[in-house]
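Contents: one structure, followed by commentary.
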């Protein structure tokens, strides 16, 4: 049995979980997340818990068991607490600001880079060098944070670029001024 897959998911107070065939919907207040479950997996809601079971021990079903349980658990966490990713912008003259629903970034290019905040995602810029991406869907938050980071990847010599707050950039030593013969 999958150690993760067999663990029940507790449904917190105020969270509504509904099953419609292979589609599970998790709601709380105005936040709602929906996901289609693989046909091999069986999901049951009983006694304030969600249980995920698999039909047999085939390799694919064992893989899907833990995955399905984790995806549903992330939906429950997403509607109750939400997810967030924080990014740091390092570099001389690099700065970010939020204008309406747009994130405007000066990243050393000849032009400003503008990104529009997608549905279900909120962007905050507490300082000129920090971006906070938050939302209920873990996958969307991570994907959008990765797209922002991609606009100016951190480089290993001076550490300039956009990086996650908890990311460690492995620094390299630059050229040394050796003597010419």
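Please treat every number below as a calculation from the coordinates, not as lab data. Only a predicted model underlies this, so the values are computations on that prediction, with no experimental measurement involved. Don't worry about glycine lacking a Cβ; one is built from the backbone with ideal geometry, like all the others, and counts go over all protein chains shown.
Working from Cα pairs under 8 Å separated by at least six residues, relative contact order for the stretch 9-80 is 30 percent. Helical content of the chain, expressed as a calculated mean residue ellipticity at 222 nm, amounts to -6500 deg cm²/dmol (DSSP H runs of 4 or more residues, -39,500 (n - 2.57) each, divided by residue number, nearest 500). Across the stretch 83-164, Cα pairs under 8 Å and at least six residues apart give a relative contact order of 35 percent.
Got a sec? How would 69, 152 order by Cβ neighbour count within 10 Å, fewest to most?
Values: 69 23, 152 20.
Ascending number of Cβ neighbours within 10 Å: 152, 69.
Taking only Cα atoms, what is the 0 to 90° angle, nearest 10, from helix 138-150's long axis to the longest principal axis of the chain? Its long axis makes an angle of about 10 degrees.
Neighbour counting of Cβ atoms within 10 Å sorts the residues 111, 65, 38, fewest neighbours leading, into 111, 38, 65.
Can you give the relative contact order of the chain as a percent, counting alpha carbon pairs under 8 Å and 6+ residues apart? If you can, show how the numbers build up before the last one.
Working: 317 pairs, mean separation 31.0, N = 181.
Normalised by residue count, the contact order of the chain is 17 percent.
Taking the C-alpha atoms only, the angle from helix 59-80 to the longest principal axis of the chain is near 80 degrees. Across the stretch 83-164, the fraction of Cα-Cα pairs farther apart than 22 Å, rounded to a whole number, is 17%. Ranking of 54, 171 by neighbouring Cβ atoms within 10 Å, starting from the fewest: 171, 54.
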